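The values are calculated or read from the model by the stated rules, or taken from the named source; none is laboratory data. Nothing here was measured: the structure is a model prediction, and the numbers come from that model. Neighbour counts run over all protein chains shown; Cβ positions are idealised from the backbone, glycine included. Remember, those area values only see protein heavy atoms, side chains included, never the ligands or the DNA or RNA. Shrake-Rupley method; radii C 1.70, N 1.55, O 1.52, S 1.80 Å.
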Amino acid sequence: MKSLQMLVLFSVLLTLAACANDGPKLSYSPQNIMQAVNTKYPAERTNLIYIGAPEGFIAPREAIKEVKDGVDAGKVVAIITALHVNTSTVIITGTDDDLNAATLARALTTGKEKVSGSKVIYVGGKESLSNLSKLASDAGVNIEFMDLPS
């Protein structure tokens, strides 16, 4: 009887863990994204910055908190540097739209004085459109939003 209860408990926990990983993920294809941007802007040089997100239910939310708190600044620094150099249009995308938006938002606020006059193409969801548009405008950055190409 005890082993049957353990088996049922294990099955329930396994099912819950599988459901926790079924959150909304963006369909990321770097080739399709680069092709879509190059088709729209054939004469522009581009630089793709992909923001990877940890797997699981809690880890992506913790990653967003770390970016907002300034703890995880790797991709933030990469974005600021690419925008500061201003030799190409910077394309921002990744698997978790909330993390992508938080990372770009942090870069636009932290590097505000360094990124003016640059251009960003944000590929993904539009939930953060108004916030990112305002931050980009405040930083003097031209931002364009693109849907993920199929």
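Of all helices (runs of 4 or more DSSP H) completely enclosed by segment 58-150, which ones contain at least 2 residues that are surrounded by fewer than 22 Cβ atoms within 10 Å (Cβ to Cβ) and free of Cβ contacts under 8 Å to residues at least 12 places away in the same chain?
In segment 58-150, the matching helices (runs of 4 or more DSSP H) lie at 59-69, 74-85, 129-139.
Could you please find all residues in segment 36-57 being within 14 Å of THR89 (Cα to Cα) and part of a loop (DSSP other than H, G, I, E, B)?
The answer is TYR41, PRO42, ALA43, GLU44, ARG45.
So ASN142 passes all but one of these: (1) in contact with a helix residue (DSSP H, G or I) (Cβ under 8 Å, 6 or more places away or on another chain); (2) within 23 Å of SER29 (Cβ to Cβ). Which condition number does it fail?
With (1) in contact with a helix residue (DSSP H, G or I) (Cβ under 8 Å, 6 or more places away or on another chain); (2) within 23 Å of SER29 (Cβ to Cβ) applied to ASN142, the lone miss is (2).
Please go through segment 45-57 and pick out each residue that is open to solvent by 60 Å² or more (accessible area, probe 1.4 Å) and farther than 22 Å from ALA82 by Cβ.
GLU55, PHE57
With the requirement that a residue be of a type outside the set (A, V, I, L, M, F, W, C) and within 14 Å of ILE92 (Cβ to Cβ), what does segment 107-130 give you?
Selection gives GLY111, SER118, LYS119, TYR122, GLY124, GLY125, LYS126, SER128.
Out of (1) assigned to a helix (DSSP H, G or I); (2) more than 17 Å from the chain's Cα centre (by Cα); (3) modelled with pLDDT under 90, the odd one out for ASP22 is which?
Unmet for ASP22, out of (1) assigned to a helix (DSSP H, G or I); (2) more than 17 Å from the chain's Cα centre (by Cα); (3) modelled with pLDDT under 90: (1).
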